[in-house]
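Quick notes on the structure that follows.
Values quoted throughout were computed directly from the atomic coordinates according to the rules given, and no laboratory measurement underlies them. Since the structure is predicted, the reported quantities are computational estimates derived from the model, not experimental observations. When we count neighbours, we look across all protein chains shown, and the Cβ atoms used for this are built from the backbone with ideal geometry, even at glycine.
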Amino acid sequence: MLKVDAAQEEKPNQPRQAYLLLPAPEILTTPLETLCRLRNRGNTERIFGLEEKTVSTLKSEFFGAFSEKYPNHRITTEKIRRQLGEILVHQTNELTVKWLITSDDKGSTEPRMHYTRHDHDSLVAHYMRAAQSLAKKAHQLWKFCDLFPLAPEIRKLIAECTVGCQFRVETSTLQDLIAALQEELVIRQSELRSLDDIHRYHNAYTLYVWLFQSLTTTMRAICSPDRMLNVKKDWRVQHSHLPAGLSDKDSDYEERARYVVIPKSLSIQLRHYQKHLAKYLAHCLRQSEAPEGFVIWEKHKKSYRVRPLSPKWLGEALKAWGCNIPVNFHRAYLRSELIACGCPGEIIDAFMGHANRGELPFLRYSTFDYEKYRQQILGYLESIQTSLGLKAIASHLLPHMSRSTVADIHV
């Protein structure tokens, strides 16, 4: 681990890490520390902060000593990196783990890396497991240099260190945002006396439902975040987890379309919002039909007008609620949380829209088991919803007796 001493530009929505984890095989660390002590290099806690030429010289001396002891075996850092990477992919089925631990910069531009953040301890655990597996294939190397635990003071220093994508919102931040919105939305109807009160309530409700949908489906908010998943009224109890096809960042051929499952809790929330639009907003606007998708009220001269939800409005609304974060924050959050929960890598890739070609849902020869995927992803999503405190809320702008959606979706 190397402390970052250079001053960096501070951005409120892109905090920088104070430390960099330099993934080097720990089986090399003991010999390198020994050589440094022999040369009176002083403090070895930041050994990889040495000059590049110095580290290169130390590595050469180590490999030279190994070659003298075992002349019939040739070992290089590239061989270690390549073998370790193959083992990591086999054990974790998560390419980002391989890229980080083996310092493979080929994955730096991959979407998976853009949306993934790992904590230091999980990477150490993955590394130790893979290193032990590698040691079984190289008994001489294992005997030559022993693994050692991190010193307590170093472990304390890096306990909160994370590695991966540049920004990932904290769970506590989302919990506070969701709790604040829920408190706003349970206000009594009698307290909404003016048009300004109604305007504020509707926009807060729209933001909450959009958050609910985004944190459950990974739908992007790039150009058209006003898109709301269609929830049919005639589904019965046995079909309470609705299927949906998403194509939110795709070519004309929709080759990147993905299949997601709408949990029952989200389908209830979307029906609440549809009823809110149909029975209240359409009446206030004197329209024969309610608007489709997510809409906001905005002031226009001396009155109000309805506009589709936009990325610009979302950014401003999140900031107004105390969260100066990107509108696509939910994708990095969900991917990282699913990894932390132990969700299999192929399930995460299918959910995020990062699946390999043989795992795509609409190809003739796809080998991916989507029934198993549906059952597994629902369990992980329910766990994340519970931790965030997400729950379906009916609009309090409607009369009390009309808030129930039981008759509509048969839950």
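With θ set to phi - 60°, apply the Karplus curve 6.51 cos²θ - 1.76 cosθ + 1.60 along the stretch 314-328 and write out the HN-Hα couplings as whole Hz, x wherever there is a Gly or Pro.
Per-residue couplings from phi come out as 4, x, 5, 5, 4, 5, 5, 8, x, 10, 7, 10, x, 6, 9 Hz.
Can you tell me the length gained on complete extension of the stretch Ser387 to Ser247, counting 0.36 nm per residue apart and subtracting the Cα distance?
Between Ser387 and Ser247, full extension yields an extra 47.6 nm.
Calculate, in nm to one decimal, what Ser190 and Gln91 gain on full extension: separation in residues at 0.36 nm each, minus their alpha carbon distance.
Roughly 29.9 nm would be gained on extension.
Amide H of Ile296 versus every other amide H placed in the peptide plane: which residues, excluding those fewer than 5 positions away on the same chain, fall under 5 Å?
Here Arg307, Leu309 satisfy the definition.
About its Cα centre, what dipole magnitude does the stretch 288-327 give when the only charges are +1 on Lys and Arg Cβ and -1 on Asp and Glu Cβ, stated in debye to the nearest 20?
Around 300 debye, computed over the stretch 288-327.
Could you work out how much longer the chain between Thr57 and Glu298 gets when fully extended? Use 0.36 nm per residue separation minus the Cα distance between them, nm to one decimal.
80.2 nm
For Ser67, Ser214, what's the fewest-to-most ordering of other Cβ within 10 Å of each Cβ?
Exposure proxy ranking, most exposed first: Ser67, Ser214.
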